[in-house]
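Asker: One structure, as structure tokens, below. Some questions next.
The values are calculated or read from the model by the stated rules, or taken from the named source; none is laboratory data. Everything quoted here is computed from the prediction, not taken from an experiment. Neighbour counts run over all protein chains shown; Cβ positions are idealised from the backbone, glycine included. Ligands, DNA and RNA are excluded from the accessible area calculation, which covers all protein heavy atoms including side chains. Shrake-Rupley method; radii C 1.70, N 1.55, O 1.52, S 1.80 Å.
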Amino acid sequence: MIQIHELSSIYTYETDKKTFSSGPPRGCHTLAYQVSGSYEHFFSSQTLSVKSDTLFFINKNDVYTVRKAEQGYSICITFTADIDFSSCILDCSNDPQVYNLFQKLLRVRNLDVKSNRCLATAIVYEVFSVFYKQKERAYVPSTTRGKIEFARNHIRTHYRDEEFQAQSLAKLCGVGVKRFRELFKQLYKTTPTQYVIDLRLNAATKLLTDGNFNVSTVAEMVGFSDVYYFSRLFKKRFGIAPKQFQADRRNQ
């Protein structure tokens, strides 16, 4: 469970930047409600698509990059706490209660007032109760969870293999392909295929930054046999072609 120590700030956030990075691990966690717009948050092992009416939590220890798809703004709270889960999102489009809670937080944003701090902390606990209710509804038995985690670890070791198929992973877990895909997405908020792609693209950025390999070689090294397909995926995710990405890193 969560134990909140102190609320640091309550504010609205909007930026004109197309892409930006979180930098090193921070001192506070962030809990936010995306009121409008759409943004992709890229972590080392997952991608979170944050759109309108999405509640999202960013663990202070997670490093990520954000790409703007559509301009918008969010209501954010930063705080220190003991947290037992990593960065995640929750679709609240059918739950107006959550948006109302964030509007209440804006009304008590002056945390220098003791009564505001107490009320805001209570509201944040109420918001987190929504997260826990969702986690309970998404319960997966420990034995099944272990099988899917084994498959994820297998992916992290072998994601460079060109012939990566969900069928083989499902067989590895001893479940049907459709059920495997459902469980994987339920646990990690992404499909097995997208998980592989994310790992490959993250590895590609490191190789391109090193500057010792051309784009075709990098594509092959991370598991793409088609450099044009690789380039399309890279640009879609990072908003820049891999060749230009490499050139920019060399000029830094």
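Asker: Checking the conditions here, which among Arg67, Arg109 is open to solvent by 70 Å² or more (accessible area, probe 1.4 Å) and touching a residue at least 60 places away in the same chain (Cβ under 8 Å)?
Answerer: None of the others qualify; the one that does is Arg109.
Asker: Pick from region 223-234 the residues that are in a helix (DSSP H, G or I) and crowded, with 20+ Cβ neighbours inside 10 Å: which of them is nearest to the chain's Cα centre (by Cα)?
Answerer: Ranking the candidates gives Phe234 first.
Asker: How about region 44-64: which of its residues are closer than 22 Å to Arg107 by Cβ and crowded, with 19+ Cβ neighbours inside 10 Å?
Answerer: Across region 44-64, the qualifying residues are Thr54, Leu55, Phe56, Phe57.
Asker: Among Glu182, Glu220, which is the only one that is of a type in the set (D, E, K, R), closer than 30 Å to Tyr99 by Cβ and assigned to a helix (DSSP H, G or I)?
Answerer: None of the other options fit; the residue is Glu182.
Asker: Hey, another quick one. Check Ser38 against each of (1) under 10 Å from the mean Cα position of the chain (by Cα); (2) open to solvent by 20 Å² or more (accessible area, probe 1.4 Å) and name the one condition it does not meet.
Answerer: Status for Ser38: all satisfied but (1).
Asker: Still on this model: What residue, of Gln46, Gln34, Gln3, is out of contact with any Gly (no Cβ under 8 Å at 6 or more places or on another chain), touching a residue at least 40 places away in the same chain (Cβ under 8 Å) and under 16 Å from Val127 (Cβ atoms)?
Answerer: Numbers: Gln46 fails: under 16 Å from Val127 (Cβ atoms); Gln34 fails: out of contact with any Gly (no Cβ under 8 Å at 6 or more places or on another chain).
That would be Gln3, the only listed residue that is out of contact with any Gly (no Cβ under 8 Å at 6 or more places or on another chain), touching a residue at least 40 places away in the same chain (Cβ under 8 Å) and under 16 Å from Val127 (Cβ atoms).
Asker: Counting only residues that are in contact with a Lys or Arg (Cβ under 8 Å, 6 or more places away or on another chain) and in a strand (DSSP E or B), which one in region 81-99 is most open to solvent (accessible area, probe 1.4 Å)?
Answerer: If we take residues in region 81-99 being in contact with a Lys or Arg (Cβ under 8 Å, 6 or more places away or on another chain) and in a strand (DSSP E or B), then Ile89 is most open to solvent (accessible area, probe 1.4 Å).
Asker: Only one residue in Thr65, Thr80 is under 26 Å from Pro25 (Cα atoms), in contact with a His (Cβ under 7 Å, 6 or more places away or on another chain) and among the polar types (S, T, N, Q). Which one?
Answerer: Thr80
Asker: If a residue has to be open to solvent by 10 Å² or more (accessible area, probe 1.4 Å) and of a type in the set (Asp, Glu) to count, how many in region 174-218 make the cut?
Answerer: 2
For every residue, the table says whether it meets (1) modelled with pLDDT of 90 or more; (2) of a type in the set (Asp, Glu).
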site: Leu199; (1), (2): no, no
site: Ala203; (1), (2): no, no
site: Glu220; (1), (2): yes, yes
site: Val227; (1), (2): yes, no
site: Gly239; (1), (2): no, no
site: Ala247; (1), (2): no, no
site: Arg250; (1), (2): no, no
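Asker: Something else now. Could you please find all residues in region 185-219 being without any contact (Cβ under 8 Å) to a residue 40 or more places away in the chain and over 14 Å from Tyr159 (Cβ atoms)?
Answerer: Lys185, Asp210, Gly211, Asn212, Phe213, Asn214, Val215, Ser216, Thr217, Val218
Asker: When the residues of region 128-167 are filtered to those that are at pLDDT below 85, of a type in the set (Ser, Thr, Tyr) and open to solvent by less than 70 Å² (accessible area, probe 1.4 Å), which remaining residue is farthest from Thr54 (Cα to Cα)? Full working, then the answer.
Answerer: If we filter region 128-167 for residues that are at pLDDT below 85, which is where we start, we get 130-145, 161-167.
Filter once more, so that each one left must be of a type in the set (Ser, Thr, Tyr): 132, 139, 142-144.
Add one more test, that the residue is open to solvent by less than 70 Å² (accessible area, probe 1.4 Å), and what stays is 132, 144.
Values: Tyr132: 16, Thr144: 28 Å.
Across region 128-167, the extreme among qualifying residues is Thr144.
Asker: Hey, another quick one. Residue by residue through region 234-252, note down the ones that are in contact with a Phe, Trp or Tyr (Cβ under 8 Å, 6 or more places away or on another chain) and closer than 20 Å to Tyr159 by Cα.
Answerer: Selection gives Phe234, Arg237, Phe238, Pro242.
Asker: Pairs only if they're at least six apart or on different chains, beta carbon under 8 angstrom, first in region 83-96 and within 16 Å of Leu187 (Cβ to Cβ), second open to solvent by 50 Å² or more (accessible area, probe 1.4 Å) and polar (S, T, N, Q); list them, first residue then second.
Answerer: Ile89/Ser49; Leu90/Gln134
Asker: Which one of the conditions (1) more than 18 Å from Ser45 (Cα to Cα); (2) of a type outside the set (Phe, Trp, Tyr); (3) outside any helix (DSSP H, G or I) does Arg160 fail to meet, given that it meets all the rest?
Answerer: Of the numbered conditions (1) more than 18 Å from Ser45 (Cα to Cα); (2) of a type outside the set (Phe, Trp, Tyr); (3) outside any helix (DSSP H, G or I), the odd one out for Arg160 is (1).
Asker: Next up: Would you say Leu31 is within 21 Å of Leu7 (Cβ to Cβ), in contact with an Asp or Glu (Cβ under 9 Å, 6 or more places away or on another chain) and either of a type in the set (A, V, I, L, M, F, W, C) or open to solvent by less than 10 Å² (accessible area, probe 1.4 Å) (or both)?
Answerer: In short, no.
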